[in-house]
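Remarks on the structure that follows.
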Amino acid sequence: LANWQAINEMVANSIDAWFDMNSKSHQLVIDIQIDQQKDLDKAQLILQDNAMGMDLHTLEKAVTAFLHSDKKQGDNAHRYLGMFGFGLLGAAFTLGQELTVVTTTDNKTHYVATGGVEKFKTDKDFDV
C-alpha cells in the first residue's frame with residue numbers, strides 16, 4: 001500500500017460513511033491537514049469529516065480488523081469506494097506508527113481509540 005493509496009482509503013471511508021447517511025441535503029466536508037515536522041516521527045496527518053461517525057461497536061471493529069472490510073454486505077455496497085480490505089489500520093499504519101480516532105454519532109457522546117503499531121503487533125489491541 002503506497003502512501004497515496006492509504007490517504008485514498010481514509011477519504012473513501014469518509015465518503016462511504018456519507019453514503020450511509022442517505023441524505024441528499026447533507027454536504028460532505030473532508031478536511032485534511034498535514035503537520036510536517038523536521039522530525040518525521042512528530043509529523044501528523046489529521047483527517048476530519050462531517051459524515052455519520054461511528055458508534056462504539058463500529059469503532060472497536062475498525063481498530064481491530066486489520067486489512068479487513070465487511071462493506072460488501074452493506075446496504076450501499078454498490079456505491080462504496082473503500083471496500084477492498086485495506087481498512088483503517090492498514091491505511092493508518094502505512095502512513096505512521098500511531099493512530100488516534102475521535103468519533104461521534106450525535107455530537108454529544110464521543111468515543112476515542114488510540115494505539116500504535118508495536119502494541120498492535122503484540123496484543124492486537126487498541127485503547128477504546
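The values are calculated or read from the model by the stated rules, or taken from the named source; none is laboratory data. Worth saying up front: this structure is predicted, and the values here are computed from it rather than measured. Glycine gets a Cβ as well: all are built from the backbone with ideal geometry, and neighbour counts include every protein chain shown. Accessible surface areas use protein heavy atoms only, side chains included; no ligands, DNA or RNA. Shrake-Rupley method; radii C 1.70, N 1.55, O 1.52, S 1.80 Å.
Just to verify a result, which residue in region 13-39, among those that are touching a Phe, Trp or Tyr at 6+ places or on another chain (Cβ under 8 Å) and open to solvent by less than 50 Å² (accessible area, probe 1.4 Å), is modelled with the highest pLDDT? Taking the candidates together, the pick is L28.
For region 4-57, a residue qualifies if it is among the polar types (S, T, N, Q), within 16 Å of the chain's Cα centre (by Cα) and either in a loop (DSSP other than H, G, I, E, B) or more than 15 Å from L99 (Cβ to Cβ) (or both), and the qualifying residues are Q5, N8, S14, Q33, N50. When S69 is tested against (1) modelled with pLDDT of 85 or more; (2) closer than 16 Å to N8 by Cα, exactly one condition is not met: (1). Among the residues that make up region 105-128, is at least one of them surrounded by fewer than 14 Cβ atoms within 10 Å (Cβ to Cβ), at pLDDT 90 or above and part of a strand (DSSP E or B)? Among the residues of region 105-128, at least one is surrounded by fewer than 14 Cβ atoms within 10 Å (Cβ to Cβ), at pLDDT 90 or above and part of a strand (DSSP E or B), which makes the answer yes. Of everything in region 40-54 that's over 15 Å from A12 (Cα atoms) and open to solvent by 70 Å² or more (accessible area, probe 1.4 Å), which residue is modelled with the highest pLDDT? So the residue we want is Q44.
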